[in-house]
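Asker: To start, I am sharing the structure in question, which I have written as structure tokens.
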Amino acid sequence: MKSLKYILSGVIILAILAVGWWIAAGQSKDQTANGNQKSVQPTQTSSPNVKKAEYEMEDGVKVFHLTAEEVKHEVSEDVFMKGLGYNGGTPGPMIVVNEGDKVRIDVENDMDEPTSVHWHGLMVPNEMDGVPGVEPDSPKIDPGDHFSYEI
Ligand SMILES: [Cu+2]
């Protein structure tokens, strides 16, 4: 049951990230006069109290790093609770990319339970999406292990 709690927490957190991603992708396109789509710079995407994830370019691929871990979350002024998050916070950082970008997200599991990432709302191959146990090809990231999601 504890594993289910962690997996569901991960799914919820990633759903928030995926929404930010989806919004950014939708804003990266514009219509030309003849109806064709052209790429434009995305509109500034932000969310209150959520940092944008940093990335590095490696051979034309945007590479992000996420560490799934226990975090101390301030739910109200001076009121803290333990939670699960990425890179020290919950929700994790917002991943912003443009449609057509090649993206790799290296996920490190620093928790005591297995985890995975479900890119809710994004059409990605099953072997690059969670939740393990629901989809046989979904990767499971054991404690201390990592997985690179390539999209
Ligand atoms: Cu989903």
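Bear in mind these aren't lab numbers, they're just calculated from the coordinates by the rules spelled out. Quick caveat, the model's predicted, so the values are computed rather than measured. Note that each Cβ is placed from the backbone with ideal geometry, even for glycine, and that neighbours are counted across all protein chains shown.
Asker: So for each of 133-139, 108-114, 144-150 I average, over its residues, the number of other beta carbons within 10 Å; can you give me the resulting order with the highest mean first?
Answerer: Those peptides, ordered most packed to least, come out 108-114, 144-150, 133-139.
Asker: Using the Cβ atoms and a cut-off under 10 Å, what net charge is assigned to the surroundings of Ser138, where Lys and Arg are +1 and Asp and Glu are -1?
Answerer: Numbers: positive: Lys140; negative: Glu127, Asp129, Glu135, Asp137.
With Lys, Arg at +1 and Asp, Glu at -1, the net is -3.
Asker: Right, another one. Cβ under 14 Å from Asn87's Cβ, Asn87 left aside: what net charge do those residues give with Lys, Arg +1 and Asp, Glu -1?
Answerer: Details: positive: Lys51, Lys52, Lys72; negative: Glu54, Glu69, Glu70, Asp106, Glu108, Asp110.
That works out to -3.
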